[in-house]
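Engineer: This structure is in structure tokens; I'll ask about it shortly.
The values are calculated or read from the model by the stated rules, or taken from the named source; none is laboratory data. Everything numeric in this text was worked out from a predicted model, so none of it was measured. Here Cβ is always computed from backbone atoms with ideal geometry, including for glycine, and neighbour counts include all displayed protein chains. Note: areas computed on protein heavy atoms with side chains; ligands, DNA, RNA excluded. Shrake-Rupley method; radii C 1.70, N 1.55, O 1.52, S 1.80 Å.
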Amino acid sequence: MCRVGYDSLMEVSDVRRRLRGAIEEAKRRSAERRVRADEASRAWERVLPEVAVPAFHTMASALTGEGHRFKVATPGEAVRLTLERSAEEFVELALDTQRERPALLLTSARGRGRRLVSNERIVGEGDAIAALTEDAIIAVLLEELIPFLER
């Protein structure tokens, strides 16, 4: 016969006290995360039309001048550079507020035969979002576009 010794465990009151502490910590972290997300959203609302969209248009014009047909779209709160021949191949800059620290993500997707290869990278986090410049965006775009231009 096997007996389970429940009486040798911690007191329920001790566990509940620790649980309440963990709940309070979770609430505090959640409030801090919301504040960071709101700050990043406000910064992105300024950077998107004033910096990011003009940088993407400049890049699209330069690409067109070199014989690579791309177009710029602004779906939702993002800016996207898309190949004219395929809407599935693109480079997009968007704010991700679901992370611990909100960040601007540069996402790309390009065809490789029958499969689609995608890539994500962080362009800026936290306070760096507000300080983003057109030059910085063009630099990361150039790096990300190299596989598109290899064809």
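Engineer: Picking from Leu95, Leu104, Leu116, which is most flexible by a Gaussian network model of the chain using Cα springs under 10 Å?
Structural biologist: Greatest mean-square fluctuation among the candidates belongs to Leu116.
Engineer: Can you tell me, using C-alpha contacts under 8 Å and at least 6 residues apart, the relative contact order of the stretch 35-151 as a whole percent?
Structural biologist: 24 percent
Engineer: At 222 nm, what value in deg cm²/dmol follows for the chain if DSSP H runs of at least 4 each add -39500 (n - 2.57) and the sum is divided by all its residues, to the nearest 500? Can you show the working numbers first?
Structural biologist: Details: 3 runs with 65 residues, N = 151.
Theoretical 222 nm ellipticity from helices: -15000 deg cm²/dmol.
Engineer: Testing the spin-label approximation: label points 7 Å from Cα along Cα→Cβ at Ser61 and Glu45. State their distance in nm.
Structural biologist: 2.9 nm
Engineer: Right, something else. Whenever you get a sec, compute what percent of the accessible area on the chain sits on carbon and sulfur atoms (1.4 Å probe).
Structural biologist: Carbon and sulfur together cover 50 percent of it.
Engineer: Can I ask one more? Please compute the contact order of the stretch 93-151 in relative form: average sequence separation of alpha-carbon pairs under 8 Å and at least six residues apart, divided by the residue count, as a percent.
Structural biologist: Numbers: 59 pairs, mean separation 14.8, N = 59.
25 percent.
Engineer: Still on this structure: Let me make sure I get this right: for the stretch 89-151, a, b and c are the square roots of the gyration tensor eigenvalues over alpha carbons, sorted descending. Under 1.5 in a/c it's rounded, otherwise prolate if a/b > b/c, else oblate. Which is it?
Structural biologist: Because a/c hits 1.5 or more and a/b fails to exceed b/c, the stretch 89-151 counts as oblate.
Engineer: If you don't mind, there's one more thing I want to ask. Could I have the simple spin-label model distance between Leu149 and Ile23, label points 7 Å from Cα toward Cβ, reported in nm to one decimal?
Structural biologist: If labels sit at Leu149 and Ile23, their model points lie 5.7 nm apart.
Engineer: Cα centroids of the stretch 34-64 and the stretch 71-128: how far apart, whole angstrom?
Structural biologist: If you average the Cα positions of each part, the centres end up 12 Å apart.
Engineer: How much length would be gained if the chain were fully extended between Ser30 and Val15, taking 0.36 nm per residue of separation minus their Cα-Cα distance, in nm to one decimal?
Structural biologist: 3.2 nm
Engineer: Measuring from a point 7 Å past the Cα of Glu77 along Cα-to-C-beta, which residues in the stretch 94-129 have an amide N at less than 13 Å?
Structural biologist: 94-99, 102-105
Engineer: What accessible area per residue, rounded to a whole number of Å², is obtained for the chain using a probe radius of 1.4 Å?
Structural biologist: Computed with neighbouring chains in place, this is 67 Å² per residue.
Engineer: Take the chain, compute every pairwise Cα distance, and split them into 10 Å bins from 0; I just need the percent in each bin.
Structural biologist: In whole percents, the pair-distance histogram is 10, 32, 22, 12, 9, 8, 5, 1, 0.
Engineer: Let me ask you something else. What distance in nm lies between label points placed 7 Å from Cα along the C-beta direction at Ala87 and Arg112?
Structural biologist: 2.5 nm
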